[in-house]
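Written out below as structure tokens is the structure these notes cover.
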């Protein structure tokens, strides 16, 4: 069995393409079931975030090709376009990539902690769908353990440079003092919760949180002394909003060009600053062409997060060493599985031979044959059947001059003589 990863991320593909191949939480289970229906795919996990979509699979050697074909079919994507942006990792590189992703070493924001929660959520979905088996289960446990150790033993998370932090930092660069600003946050996940906390620390005048589940919006808003609303209330709220930060799961835009155009008119051309952290995007891309509306996507935050990264880059060197150590440990476990399978098969073969010989001996005893003769025949027959194939292979190796096989046979089959006691 081999491990494969096929995907795209923020380093290879623009947000416009990433949103085309993103997976919704509501359809993830059916996608996983469809993926493991591929002949060469035995286990599968799908990680889909604003910065990446990756397919993790365990299967036959042709599995990597089937992942590509499956993604093309599932999202109806042109093959040449997909291959322009994608990457594939196999076996040890796939293991190493998994650990780096979980630790935040492959993130837009080096060492950001949110990705670990997203990996755990993807794993829970695979477990719930029955598509994660022995190998992916073990790989995910290695990933979680490695991430925890890196977070504990290095300074990778010592400075605040998350996407949420970067969005608020960009808002401060545009508006300066935020104490007179009103913010509308769309969504109620971990990223929006962090954004709300950062804005609250900046003493922003008002935080309004819009979410599909209004009770969740109210609960999160209460933490930062804000208020919660439903998605239907977004158009009316925009007219009183200076800053919009969106990170909600939705296949269609929740903020349209028309909404923002009306809001700017109602505000008498006072500008609206928008950061869209979602993939697929929550804000209609054409809204960026409006006067007095300044729209930034998640890909626009790179220049903001470059500060405060020196300490994390130094810590990343240590983190990469830990990743290499843990990846090597996982590969040792993978290689041990081959031995376990062989042991199981060999033991089963021996048990079959022994069972047949025993049944034959029992029939002879039942027919009244001499027990001593039956036992002698049993041991002779059992010995011959157990050593027949190894002896045949030894003779074959000897005739071909295969001294290497003969040495291995000596090591495997003949016990080393014990040295006499001094």
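Derivation of every value follows stated rules applied to the coordinates shown; laboratory data play no part. Computed from a prediction, not measured in an experiment: that's the story for all the values here. As a convention, Cβ positions derive from the backbone with ideal geometry for all residues, glycine included, and neighbour counts pool all protein chains shown.
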The chain - mean residue ellipticity at 222 nm from DSSP helices (-39,500 (n - 2.57) per run, n ≥ 4, rounded to 500): -18000 deg cm²/dmol
Cα gyration tensor category, rounded, prolate or oblate, for region 121-224 with a/c compared to 1.5: oblate
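So for the chain, considering every pair of alpha-carbon atoms, how many percent are separated by more than 30 Å?
Roughly 56 percent, once rounded to a whole number.
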With Cα atoms, 0 to 90° folded angle of helix 257-266 axis to the chain main axis: 30 degrees
Helix 310-366 axis, angle to the chain major axis (alpha carbon atoms, nearest 10°): 30 degrees
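If we sort 5-17, 373-385 on the protection proxy, mean other Cβ atoms within 10 Å, highest first, what's the order?
Answer by packing, highest mean first, reads 5-17, 373-385.
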Between 0 and 90°, nearest 10: helix 25-36 axis offset from the chain longest Cα axis: 30 degrees
Rg to Rh quotient for region 78-173, alpha carbon positions, Kirkwood Rh: 1.04
Euclidean distance between Cα centres, region 322-336 to region 36-82, Å: 24 Å
Shape category assigned to region 54-111 from the gyration tensor of Cα positions, a/c cut at 1.5: oblate
Bridge type composition, the chain - antiparallel percent by DSSP, nearest 5: 45 percent
Alpha-carbon Rg with Dmax, taken over region 30-137, Å: 13.5, 37
Neighbour-count order for 1, 108, fewest beta carbons within 10 angstrom listed first: 1, 108
For region 163-301, convex hull volume per residue from C-alpha positions, Å³: 90 Å³
Length-normalised contact order of region 163-301 in % [C-alpha pairs under 8 Å, at least 6 apart]: 22 percent
Percent RCO, i.e. relative contact order, over the chain, from Cα pairs under 8 Å lying at least 6 residues apart: 14 percent
Proxy reagent accessibility, fewest Cβ within 10 Å first, across 414, 245, 72, 115: 414, 72, 115, 245
For 181, 103, 50, order by how many other beta-carbon atoms lie within 10 Å, fewest first: 181, 50, 103
Cα-projected label distance for residue 75 with residue 353, points at 7 Å along beta-carbon direction, nm: 5.3 nm
Isotropically averaged projected area of region 14-93, using the convex hull of Cα atoms (one quarter of hull area), nm²: 5.2 nm²
